[in-house]
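To start, the structure itself, in structure tokens.
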């Protein structure tokens with residue numbers, strides 16, 4: 001499959017009558033626009049793309065994008081995506097779901113998909129909360145954070161997907177923020193072009209149920225990796241991944 005610099009109009013992926021069930025201000029709106037823009041810049045016809053998801057607010061996104069789609073069980077987007085790619089290797093297969101679906105119910109698939117390194121892209125909408133089921137802690141919710149279910153605060157440390165992916169020697173690991181449009185578009189394009197499993201953990205606010213990790217919080221607690229950073233240095237990558245005092249954005 002070839003890619004050119006001539007872009008399609010992102011509107012070719014629009015579904016005009018889609019009944020979008022996200023709250024105003026949800027970070028998912030940023031991600032869906034970033035995905036459409038990336039697909040357009042890669043000149044990918046909607047018939048070439050398959051979006052695969054599980055269950056959750058993030059997992060509704062394939063219903064709002066004009067492309068092929070498969071909506072499966074909670075936590076099971078990755079095995080379905082791998083199967084689709086095996087049956088038709090010419091398709092661009094993108095698995096996308098939230099942090100709960102991917103790292104919680106789907107945690108076993110996450111680990112073993114990294115090991116198998118199939119040629120798929122995995123976009124994770126990481127809002128650090130379960131939004132569809134009204135705000136209980138997800139695997140990435142910070143220790144001590146009070147939620148609608150954890151009244152006294154979360155009592156365990158959060159799952160660190162970037163560190164796990166680097167430790168397992170994933171072939172492409174990236175993190176972005178839904179509020180950084182240009183960075184997210186470029187990372188999605190890089191992930192799609194990458195031959196092998198490509199993880200993009202996209203930090204995003206849940207404006208209704210997560211009052212801690214807001215747009216402002218992410219702007220103050222993330223930073224761009226410098227141009228001098230070498231993404232092939234696994235030890236350096238792991239050190240950055242485990243430093244959660246500020247969250248690095250990039251590959």
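Points to keep in mind about this one:
- Any chance residue 90 is more than 23 Å from residue 133 (Cα to Cα) and either touching a residue at least 40 places away in the same chain (Cβ under 8 Å) or surrounded by fewer than 17 Cβ atoms within 10 Å (Cβ to Cβ) (or both): yes
- For segment 152-180, a residue qualifies if it is surrounded by 17 or more Cβ atoms within 10 Å (Cβ to Cβ) and modelled with pLDDT under 95, and exactly one does: 154.
- Restricting attention to segment 117-140, the residues that are part of a loop (DSSP other than H, G, I, E, B) and under 26 Å from residue 171 (Cα atoms) total 9.
- The number of residues in segment 192-230 that are within 18 Å of residue 34 (Cβ to Cβ) and over 11 Å from the mean Cα position of the chain (by Cα) comes to 11.
- Top-ranked residue of segment 6-17 - restricted to ones that are farther than 10 Å from residue 40 by Cα and loosely packed, with under 13 Cβ neighbours inside 10 Å, ranked as modelled with the highest pLDDT: 15
- Each residue in segment 200-230 was checked for being exposed (fewer than 14 other Cβ atoms within 10 Å of the Cβ), in a loop (DSSP other than H, G, I, E, B) and in contact with a helix residue (DSSP H, G or I) (Cβ under 9 Å, 6 or more places away or on another chain), and 1 of them qualify.
- Scanning segment 32-46 for any residue that is more than 17 Å from residue 181 (Cβ to Cβ), under 19 Å from the mean Cα position of the chain (by Cα) and at pLDDT 95 or above turns up nothing.
- Hits in segment 56-83 (condition: surrounded by 20 or more Cβ atoms within 10 Å (Cβ to Cβ), within 16 Å of the chain's Cα centre (by Cα) and farther than 18 Å from residue 18 by Cα): 75, 77, 78, 81
- Selection within segment 115-140 - touching a residue at least 60 places away in the same chain (Cβ under 8 Å), in contact with a helix residue (DSSP H, G or I) (Cβ under 9 Å, 6 or more places away or on another chain) and within 20 Å of residue 203 (Cβ to Cβ): 121, 122, 123, 124, 125, 126, 127, 128, 129, 130, 131, 132
- Some residue of segment 157-180 being assigned to a loop (DSSP other than H, G, I, E, B), farther than 30 Å from residue 89 by Cβ and more than 16 Å from the chain's Cα centre (by Cα): yes
- Failed criterion for residue 157 (all others in (1) within 20 Å of residue 211 (Cα to Cα); (2) in contact with a strand residue (DSSP E or B) (Cβ under 7 Å, 6 or more places away or on another chain); (3) free of Cβ contacts under 8 Å to residues at least 60 places away in the same chain hold): (2)
The values are calculated or read from the model by the stated rules, or taken from the named source; none is laboratory data. Keep in mind it's a predicted model, so treat the numbers as computed, not measured. Positions of Cβ are generated from backbone atoms using ideal geometry, with glycine treated the same way; all protein chains shown enter the neighbour counts.
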